[in-house]
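Report on the following structure.
The values are calculated or read from the model by the stated rules, or taken from the named source; none is laboratory data. Since the structure is predicted, the reported quantities are computational estimates derived from the model, not experimental observations. Cβ: placed from backbone, ideal geometry, glycine included. Neighbour counts: every protein chain shown.
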């Protein structure tokens with residue numbers, strides 16, 4: 001019975017991971033001063049951090065331009 005319960009929990013966790021693999025995190029736009037602004041379109045800004053080889057796409061908060069929202073993996 002315990003095995004069956006673990007199996008159901010694992011299946012539920014995997015299903016949740018594939019149905020919603022990302023969460024949204026609030027970030028300060030000032031945190032990206034060391035990154036290059038590659039492109040800007042409206043409220044979206046694409047940043048490239050060359051030393052770490054990372055890319056971040058930030059949606060700037062329309063109510064406060066000092067903060068924004070970025071998706072990240074769970």
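Here are some notes:
- Of all residues making up the stretch 20-33, the number that are over 18 Å from residue 65 (Cα atoms) and touching a strand residue (DSSP E or B) at 6+ places or on another chain (Cβ under 8 Å): 3
- Consider the stretch 35-74 and keep the residues that are part of a loop (DSSP other than H, G, I, E, B) and at pLDDT below 90. The one that is nearest to the chain's Cα centre (by Cα) is 74.
- Any hit, the stretch 27-40, residues being touching a residue at least 24 places away in the same chain (Cβ under 8 Å), surrounded by 11 or more Cβ atoms within 10 Å (Cβ to Cβ) and in contact with a helix residue (DSSP H, G or I) (Cβ under 8 Å, 6 or more places away or on another chain): no
- Candidate set from the stretch 41-74 (those that are under 13 Å from residue 24 (Cβ atoms) and out of contact with any helix residue (DSSP H, G or I) (no Cβ under 9 Å at 6 or more places or on another chain)); member that is surrounded by the fewest Cβ atoms within 10 Å (Cβ to Cβ): 73
- Consider the stretch 1-34 and keep the residues that are in a strand (DSSP E or B) and at pLDDT 85 or above. The one that is farthest from the chain's Cα centre (by Cα) is 28.
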